[in-house]
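J.: Got a structure for you, written out below as structure tokens; questions coming shortly.
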């Protein structure tokens, strides 16, 4: 097994890149495609990503650590302010930035806002990435590439589709081109540095996001209370987790009629968790109300969103 520091010759490159864009432009899906496995949850709901998730891409000549950030947006809550602060701090810590703009939507105020933010990042190269090209015809992709080029001065502009795999490898190549020479930062085989309990909580939240009403996604938080092998068994892990919402009415929506929706969430989440952990899982889900947690500093800390 390769350990950090072993590869030091032959122009080996290693470093950090981050994906930046407004919510729901395909940043997490693209990171998963680059890594080759699921390390960040994805959803059709905006603002799915709430943490700076790191995915590790291993190449024979390079190691690229991709930081998937929450979508940059105008915050309406204390949680939103902290997520925007997380994004801005990440920009100062990476070697290259990938600015993601979807091919299937016209350039909007959110894209222009981010482009202005990036114009103030003087020393870090920015790669403009037109995502979701599988959703539009080639002429629309060409139009979007031209529109994106008018937003700023970028080191490269590249179209891709994480869903179809179109030019995903090229995106990786272009990002790696801007990394400094240096040894690997993580052991070979590591795909993320996220703790398993955080990944499990995210998979539960992803399952809970499917099919809920528009106002609910931002109100759902998940905490894994306990995760450990069952005593006397090496083939089963017990996971006890809490889903937190902000109001009693939301609790009813998550649970569903006679608990049907919560059981469905548990079934879908357990399948993903078992794939992640490589073993059978017993999953116990509870739903609690944490009133207005997105605006409460104390509750934000309890749910893992620190200053």
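J.: So, in the stretch 11-27, of the ones that are modelled with pLDDT of 85 or more and under 22 Å from residue 103 (Cβ atoms), which residue ends up surrounded by the fewest Cβ atoms within 10 Å (Cβ to Cβ)? Lay out the reasoning, then the answer.
T.: Here is the first cut: in the stretch 11-27, the residues modelled with pLDDT of 85 or more are 11-21, 25-27.
From the residues that got through so far, the ones that are under 22 Å from residue 103 (Cβ atoms) too are 17-21, 25-27.
On the way: 17: 27, 18: 25, 19: 30, 20: 27, 21: 22, 25: 27, 26: 25, 27: 30.
Out of the qualifying residues, it is 21.
J.: Something else now. Could you list, in sequence order, the residues of the stretch 285-301 that are assigned to a helix (DSSP H, G or I) and either more than 25 Å from residue 228 (Cβ to Cβ) or touching a residue at least 12 places away in the same chain (Cβ under 8 Å) (or both)?
T.: So in the stretch 285-301, the residues assigned to a helix (DSSP H, G or I) come out as 293-295, 297-301.
Scanning the stretch 285-301 gives 293, 294, 295, 297, 298, 299, 300.
J.: Let me ask something else. Could you identify the single residue in 143, 117 that is in contact (Cβ under 8 Å) with a residue 40 or more places away in the chain, part of a helix (DSSP H, G or I) and either out of contact with any helix residue (DSSP H, G or I) (no Cβ under 6 Å at 6 or more places or on another chain) or surrounded by 21 or more Cβ atoms within 10 Å (Cβ to Cβ) (or both)? Talk me through it step by step, then tell me what you get.
T.: Numbers: 143 fails: in contact (Cβ under 8 Å) with a residue 40 or more places away in the chain.
Just one listed residue meets the conditions, 117.
J.: Name, by its number, the condition in (1) modelled with pLDDT under 85; (2) surrounded by 15 or more Cβ atoms within 10 Å (Cβ to Cβ) that does not hold for residue 298.
T.: Status for residue 298: all satisfied but (2).
J.: Now a separate question. For residue 269, indicate whether it is within 28 Å of residue 36 (Cβ to Cβ), in contact (Cβ under 8 Å) with a residue 12 or more places away in the chain and not in a strand (DSSP E or B). Steps first, answer last, please.
T.: On the way: within 28 Å of residue 36 (Cβ to Cβ): yes; in contact (Cβ under 8 Å) with a residue 12 or more places away in the chain: yes; not in a strand (DSSP E or B): yes.
Yes, satisfied.
J.: Would you confirm whether or not the stretch 32-54 contains a residue that is in a strand (DSSP E or B), modelled with pLDDT of 85 or more and touching a helix residue (DSSP H, G or I) at 6+ places or on another chain (Cβ under 9 Å)? Steps first, answer last, please.
T.: Initial filter on the stretch 32-54 (in a strand (DSSP E or B)): 53-54.
Keeping just the survivors that are modelled with pLDDT of 85 or more gives none.
The answer is no; no qualifying residue exists.
J.: Something else: Could you look through the stretch 92-114, keep only residues that are in contact with a strand residue (DSSP E or B) (Cβ under 8 Å, 6 or more places away or on another chain) and assigned to a loop (DSSP other than H, G, I, E, B), and pick out the one that is nearest to residue 181 (Cα to Cα)?
T.: At the first step, the residues of the stretch 92-114 found to be in contact with a strand residue (DSSP E or B) (Cβ under 8 Å, 6 or more places away or on another chain) are 93-103, 107, 111, 114.
Those left that are additionally assigned to a loop (DSSP other than H, G, I, E, B): 93-95, 103, 107.
On the way: 93: 16, 94: 14, 95: 11, 103: 33, 107: 35 Å.
Selected residue: 95.
J.: Also: Please give the number of the condition residue 282 fails out of (1) closer than 19 Å to residue 195 by Cβ; (2) part of a strand (DSSP E or B).
T.: Going through the list (1) closer than 19 Å to residue 195 by Cβ; (2) part of a strand (DSSP E or B), residue 282 breaks only (1).
The values are calculated or read from the model by the stated rules, or taken from the named source; none is laboratory data. The structure presented is a predicted model; accordingly, all values stated were derived computationally and were not measured. Reconstructed Cβ throughout: ideal geometry from the backbone, glycine too, with neighbour counts over all protein chains shown.
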